[in-house]
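Asks: The structure follows.
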Ligand code: ADP
């Protein structure tokens, strides 16, 4: 989708991909298949690139530092990206710049988790491995010292957090260029099912204007303080008592910004490309009163193409984005966007299309 945004600008992409079957490898012309964890592979790949960016944040920080030392611009740079790679580093930095977060500290073993619980409201406690998690993997909600053993088995550092009693999850998406120009998308509501993002509503319904502004300012401030270049998604909890707390950061186009492909004047992908190239950023404002994105998960139908006829005929506003992935149950294989003036109607149309593509709705 980043490549798609570069096409009208004539930007040529070279892709480092794990396998030839990866979504991007199916559409980018110049593909190198290799391991992003191997520095020699990265160095060989980087030769001839004007600038490097990412669609995930798992490239080792020290390798990115080596590429920078070789003179290759890396955007976002490793000093910023480390805050999206390591939840411990991220929490320490957000504390230092005064950004509100859930109560947290690093923990060493299950007894230490019990001590952390006792310092606050007790169990449940949320435990997170500091690196490598995604879509809820690497996150445990534990109710007792016995349950707290599991996260330590991998032998990696573990972060403990209070379990926030949130009313909903929000995301503040911003894009910042090396020049320091920045734009903020409207704050969205993000609904998760089993730890996986299911639905995004733009803008977040019934969000107090002052709170929305505060969330946008917070995200812009984080982008500036961390020196982010490109897209930054700030995942937020809205608490019962009307506060917003930062859950985590992603420094790349993000699922909570997929609505912008069809719902904003400039999509997150187009603005990410512009930022990485240090071009002026585009208008992030919405095109419609409401835009809803629903992820399409793999279901019973390996071939979703046959569902297009029904979906497109039912909703002419619908935009389908499929990723060319093999359909496996529960795997994110695409998303749909649709928009309009009546939120209930827009939600129904988006859910219907995603359910029909998956096979959970049949008429
Ligand atoms: P991931 O790396 O998988 O994105 P997150 O830190 O975003 O991990 O956690 C996944 C989900 O777990 C969140 O979207 C939220 O629903 C829940 N969660 C994470 N941290 C907390 C917390 N401190 N309190 C309550 N729920 C949480």
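The values are calculated or read from the model by the stated rules, or taken from the named source; none is laboratory data. Computed from a predicted structure; not experimentally measured. When we count neighbours, we look across all protein chains shown, and the Cβ atoms used for this are built from the backbone with ideal geometry, even at glycine.
Asks: Within region 107-130, track down each residue that is surrounded by fewer than 17 Cβ atoms within 10 Å (Cβ to Cβ) and either within 13 Å of the ligand (Cβ to nearest atom) or closer than 27 Å to residue 197 by Cβ (or both).
Replies: 120, 121, 124 - these are the residues of region 107-130 that are surrounded by fewer than 17 Cβ atoms within 10 Å (Cβ to Cβ) and either within 13 Å of the ligand (Cβ to nearest atom) or closer than 27 Å to residue 197 by Cβ (or both).
Asks: Here is a list of conditions, (1) within 15 Å of the ligand (Cβ to nearest atom); (2) out of contact with any helix residue (DSSP H, G or I) (no Cβ under 8 Å at 6 or more places or on another chain), and residue 244 meets all of them except one; can you say which number that is?
Replies: Against the list (1) within 15 Å of the ligand (Cβ to nearest atom); (2) out of contact with any helix residue (DSSP H, G or I) (no Cβ under 8 Å at 6 or more places or on another chain), residue 244 comes up short only on (2).
Asks: Name the helices (runs of 4 or more DSSP H) wholly inside region 249-322 in which the number of residues that are within 15 Å of residue 201 (Cβ to Cβ) is 1 or more.
Replies: Here the list reads 260-263.
Asks: Right, another one. Report yes if some residue within region 254-265 is without any contact (Cβ under 8 Å) to a residue 24 or more places away in the chain and more than 16 Å from the ligand (Cβ to nearest atom); otherwise report no.
Replies: Yes - at least one qualifying residue is present in region 254-265.
Asks: If you don't mind, another one. Under the condition of being within 13 Å of the ligand (Cβ to nearest atom) and without any contact (Cβ under 8 Å) to a residue 40 or more places away in the chain, which residue from region 185-212 is surrounded by the fewest Cβ atoms within 10 Å (Cβ to Cβ)?
Replies: Among those that are within 13 Å of the ligand (Cβ to nearest atom) and without any contact (Cβ under 8 Å) to a residue 40 or more places away in the chain, it is 193.
Asks: May I pose another question? So, in region 62-99, of the ones that are in contact with a strand residue (DSSP E or B) (Cβ under 8 Å, 6 or more places away or on another chain) and surrounded by fewer than 21 Cβ atoms within 10 Å (Cβ to Cβ), which residue ends up nearest to residue 158 (Cα to Cα)?
Replies: Filtering first and then ranking leaves 88.
Asks: Can you go through 138, 133 and tell me which one is within 13 Å of the ligand (Cβ to nearest atom), crowded, with 18+ Cβ neighbours inside 10 Å, under 21 Å from the mean Cα position of the chain (by Cα) and modelled with pLDDT under 95?
Replies: The conditions single out 138.
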